[in-house]
Structures are given as C-alpha cells and as structure tokens.
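First comes the structure, then the notes that go with it.
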Amino acid sequence: MEPGFYYGAMYISYSLGVAHIVSFLVARYVLNLEMEFWSFIVLVGSFLVALTPLYYALSKIIWANLFMNFKTEIENE
C-alpha cells in the first residue's frame with residue numbers, strides 16, 4: 001500500500017475519536033450527569049486510549065472501502 005493510504009486512515013481515525021468525545025458529551029447532558037471537568041476528561045480519555053487500537057483498525061477498513069470495490073462470486077457470473 002502507498003503511504004497516502006495511512007494518511008487517509010489517520011484522518012478517519014481522528015474523526016472517530018471526535019465522534020467518541022462528542023457522544024460522551026451528549027450522553028452527559030442528556031442523562032444530566034453532574035461531573036467535574038477533570039474527572040470527565042479522565043473518563044473520556046481513558047476510554048479513548050483503550051479503544052485506540054479498535055479505531056485504528058476501523059479507520060483503515062473505512063478508508064479502504066471508500067476506494068476499493070469488492071466483487072462476490074455471484075457478481076462475477
């Protein structure tokens with residue numbers, strides 16, 4: 001694979017991380033959780049660090065599927 005593939009996957013990984021943080025913020029306000037700022041940052045950051053390998057793998061899959069087509073055996077016939 002060319003280096004540009006990994007740069008593109010990096011941008012997708014960044015957007016997955018932003019979606020992660022935004023979803024925690026929305027959940028905090030919808031559930032009306034009273035939490036200190038720094039404890040919230042530690043909570044979100046720990047989940048983000050734990051899920052980084054998953055986000056990295058998902059970002060490569062998403063980026064590859066934007067540009068590569070998969071043909072099944074049924075389509076080939």
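Would you mind calculating the gained length between residue 33 and residue 68 on full extension (0.36 nm times residue separation, minus the Cα-Cα distance), in nm to one decimal?
Stretched out fully, the residue 33 to residue 68 stretch lengthens by 8.3 nm.
Hey, if you put +1 on the Cβ of every Lys and Arg and -1 on every Asp and Glu Cβ in the chain, which of 57, 33, 9 ends up farthest toward the positive end of that dipole?
33
Going by alpha carbons, how many degrees (0 to 90, nearest 10) lie between the helix axis of 37-67 and the longest principal axis of the chain?
Once rounded, the angle reads 10 degrees.
GNM on the chain, C-alpha springs below 10 Å: top fluctuator among 18, 49, 30?
Looking only at 18, 49, 30, the largest GNM fluctuation is found for 30.
Work out from phi, with θ = phi - 60° and the Karplus expression 6.51 cos²θ - 1.76 cosθ + 1.60, the ³J(HN,Hα) of each residue of segment 20-26, listed in order in whole Hz, and give x for Gly and Pro.
Using θ = phi - 60°, the values come out as 4, 5, 5, 5, 5, 5, 5 Hz.
Which of 29, 11, 56 moves the most in a Gaussian network model of the chain with Cα springs under 10 Å?
29
Mean residue ellipticity at 222 nm from the helices of the chain, using -39,500 (n - 2.57) per DSSP H segment of n ≥ 4 over the full residue count, to the nearest 500 deg cm²/dmol?
Helix contribution divided over all residues of the chain: -28500 deg cm²/dmol.
Could you tell me, in Å, what Rg and Dmax come out for the Cα atoms of segment 1-64?
Every Cα atom of segment 1-64 included, Rg and Dmax give 14.2, 47 Å.
Bear in mind that the values in this text are calculations on the coordinates, not laboratory data. The model shown is predicted, which means the values in this text are computed figures rather than measured ones. A quick note on method: Cβ atoms are made from the backbone with ideal geometry, for glycine too, and the neighbour counts reach across all protein chains shown.
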